[in-house]
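A short worksheet on the structure shown next.
The values are calculated or read from the model by the stated rules, or taken from the named source; none is laboratory data. Just so you know, these numbers come straight off a predicted model, no measurement behind them. With ideal geometry, Cβ positions are generated from the backbone for all residues, glycine too; neighbour counts draw on all protein chains shown.
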Amino acid sequence: MRRREFILAVGGAAAWPLAARAQPAAMPVIGFLDPTSPDAEGYRLRAFCQGLKESGYVEGENVAIEYRWAENQIDRLPELAADLVRRRVAVLVTRSTGVFAAKSATSTIPVVFTLSEDPVRLGLVSSLARPGGNLTGVNFFSTELAAKRLELLRELVPGLGRVAVLVNPANATRAEATVKDVQAAAGAMGLKAVEVVRASSGSEINAGFATFARDRPDALFVGTDPFFTSRSVQLILLTARYALPATYPGRQYPEIGGLMSYGSNVADAFRQVALYVDRILKGAKPAELPVVQSSKFELVIHVETARMLGLTVPPSLIALADEVIE
């Protein structure tokens, strides 16, 4: 080999590792698994992306997000979770029934969840302080707020006696917990009866409301469930048609005409999820990140809907409300 060729060859070989090290790092990929649809969960997604932005991440610039939507078909969640695992996402974000699918799909990829029930009781984490596995996240306490929601409803609806509770039988664990909590709270408050209506499809919701025409309750308690969130417009229209006062678990309902809601501040919770994603991408282990207890609760009242139902919102509720929608 000629001397000049040898020098070029050696020089090129020496430069190669430096060039390789100069290549930009691969963009981290977040898996986003949801039981419903992007249309139904836009507000949660916006809050999550805002939290990422506050942590320095912008989708498409320095982070990628792979979305998987079950479109209310819960039996699709395991397949969608497995797909994200095959994609080798850096962290998987999910909620509600998606948490169980994620846990079954991987024991190594970090999972950050939002959940309205106790994750320790459900066997998802060892303890709130030290989850111990690959899962951590935010606990909403939505299921445990039944007594407070009924108390606020009774203050708004004079002579409240019979209450119907709407639950999704496809989400059996949550449905059973909701019915149990509402019955216990109603009994303690001296309410006469709790009628349980089970619906896991739009037609079943319609059928459930049809029974209210025959055996009319004084008010409706809508359970916490992603399916009901996705059917919020249908629920609001039906409560208006049957002139039925209703209490809902989140502000997305009164924002489109529902009477009142009391529950955790979902936007704040999803920003917290984004902060945990940031910490995990920077090397933190889920096992060492405590499950956050949601501490921000909000009461939202739609005053115009109250008027349409012939109800007067007492000043005491107006004073308590985080938002009054006219």
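Things to note:
- As for region 106-121, it holds no residue that is touching a Leu at 6+ places or on another chain (Cβ under 9 Å), small (Gly, Ala, Ser) and more than 22 Å from Gly51 (Cα to Cα).
- Among residues of region 220-258, those that are of a type in the set (Asp, Glu) and surrounded by 23 or more Cβ atoms within 10 Å (Cβ to Cβ), counted: 1
- Pairs with Cβ under 6 Å, 6+ apart, first in region 36-53 and under 16 Å from Gly98 (Cα atoms), second hydroxyl-bearing (Ser, Thr, Tyr) and surrounded by 22 or more Cβ atoms within 10 Å (Cβ to Cβ): Ala40/Thr229
- Some residue of region 212-219 being over 17 Å from Leu299 (Cβ atoms), out of contact with any Phe, Trp or Tyr (no Cβ under 7 Å at 6 or more places or on another chain), among the aliphatic types (A, V, I, L, M) and surrounded by fewer than 19 Cβ atoms within 10 Å (Cβ to Cβ): no
- From the list Val125, Val167, the one residue that fits, being touching an Asp or Glu at 6+ places or on another chain (Cβ under 9 Å), at pLDDT 90 or above, under 26 Å from Arg44 (Cα atoms) and buried (at least 18 other Cβ atoms within 10 Å of the Cβ), is Val167.
- So Gly187, is it under 16 Å from Ala246 (Cα atoms) and part of a helix (DSSP H, G or I): no
- Any chance Leu191 is within 19 Å of Met308 (Cα to Cα) and touching a residue at least 24 places away in the same chain (Cβ under 8 Å): no
- Ser230 meets all of the listed conditions (1) touching a Phe, Trp or Tyr at 6+ places or on another chain (Cβ under 8 Å); (2) modelled with pLDDT under 95 but one, namely (1).
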